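Read-outs throughout are calculated quantities, based only on the coordinates presented, and are distinct from any laboratory measurement. For clarity, every value in this text was computed on a predicted model and none was experimentally measured. Virtual Cβ from ideal backbone geometry, glycine too; neighbours counted across all protein chains shown.
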Amino acid sequence: MSAVVQPSRRVKVMGVDLGSRRIGVAVSDSSGIMAFPVEFVARSGDTAADHAALAALVAELEVGTVVVGLPLSLDGSRQKAATSALAEADELVALLEPFGVDVVSFDERFTTTSAHRQLAQSGRSARDRRQRVDSAAAVVLLQAYLEAR
């Protein structure tokens, strides 16, 4: 009698910071405790192509949940940026759910500010910070999500 091999359960979580020029990406370790920067996806002007690039990363990194940053206003209300992020999250749900990948949104207030501060404290140049801030913001977002669940 041969053993039945079950497919591995996707346990990694991906954080996505939807910027206007770049989409910052971070991923958790397999235990879902720590967040790490991955890279960013440069916006192409074609949202479907950008989402396909994210889907490729989801498959490559064996991600089970994607956390989309929700840029709420300081008072917690949803303005234009939050509405846009929710619309993109809905598109990602349609793309990824058939493959068993959950997509959730999570409050991302102050993530970019925190990322800029952390990069500045690490001694990075202003130019280097601009190149890394999107993925650093995704790390802050994802780490907050991991700690909150």
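Determine, for each peptide in 52-59, 13-20, the mean count of other beta carbons within 10 angstrom over its residues, then list the peptides with the highest first.
Descending packing order for the listed peptides: 13-20, 52-59.
7 Å from Cα along Cα→Cβ at both residue 77 and residue 33: what's the point-to-point distance in nm?
With each label placed 7 Å out from Cα toward Cβ, I get 4.2 nm.
Amide H neighbours of residue 22 under 5 Å, counting only residues 5+ apart in sequence or on other chains, H built in-plane at 1.01 Å?
Amide H neighbours of residue 22, under 5 Å, 5+ apart: 43.
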